[in-house]
Amino acid sequence: MKRKFSTPAAALAASVLLFACGCEKEPIGGWWGGGGGNDKSSGTYEDNSGDKVADAVPYSSLQWKFGGADFSGAVSTGVRISGLNLSENGWDYSFKFDTDMTAWGFDKEHAEILCVFVQKSDGTWVGGKIHWQNSANPSSNFHNVYPEWPGWPDGNKAKNTGYNGWSLAGVPNPCQMALVICEGNGKRRSNVIAGTWHQDEARK
């Protein structure tokens with residue numbers, strides 16, 4: 001049986017408690033706020049829609065240079081990711097869905113676009129699409145980023161580029177990396193998460 005407030009004093013006390021909880025200031029951590037660990041996804045910033053979202057890096061600072069797509073106009077809604085883990089060998093990543101792409105009306109096997117950005121020595125963020133990602137298996141590798149992946153044609157190796165122009169020129173090792181999932185039509189995106197990436201020097 002649910003308990004009910006039976007006196008005005010009790011109701012007033014409850015109202016004060018609810019007001020205090022609702023007005024608690026959200027902590028800013030992660031990227032600029034001093035959060036710990038590899039995951040840098042706890043900072044809160046405004047995206048290009050004006051909504052408050054949990055972005056580790058301001059979305060407007062991401063420059064869409066590689067991968068053949070530009071989702072700079074995507075709005076953060078529905079899908080939330082966290083827990084970025086970047087392997088020490090520079091090849092693999094994993095993260096977790098706090099809210100997966102079923103929030104966009106897709107099943108867990110449906111894939112949308114995973115985009116990655118790296119921070120250059122001058123502080124700019126460059127990147128773009130690297131491959132497709134579904135909700136069922138939030139992990140994969142960065143072979144599309146490296147220029148000498150055996151699956152690429154000789155032309156890519158000669159140009160020292162990876163998938164659709166991907167290049168690590170001017171990127172320090174280690175560097176900061178940001179990751180975001182974007183809908184293929186460019187309308188919606190997840191929040192941005194980030195961490196420190198140690199690249200495979202043999203593949204650069």
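Bear in mind these aren't lab numbers, they're just calculated from the coordinates by the rules spelled out. This structure is a prediction, so every number in the text was calculated from the model and none was measured. Glycine also receives a Cβ, built like all others from the backbone with ideal geometry; neighbour counts cover every protein chain displayed.
Annotations
- Packing-based ranking of 193-200, 167-174 yields 193-200, 167-174, ordered from highest to lowest mean Cβ neighbour count within 10 Å.
- Under 10 Å, Cβ to Cβ, from Ser135 - net charge with Lys/Arg +1 and Asp/Glu -1: -3
- Shown here for the stretch 88-130: trypsin sites (Lys or Arg not before Pro) in loop regions (DSSP other than H, G, I, E, B) with at most 15 other Cβ atoms within 10 Å, namely Lys108.
- Sparse-neighbour loop sites [GluC sites (Glu not before Pro); the stretch 61-124; at most 12 other C-beta within 10 Å; DSSP]: Glu88, Glu109
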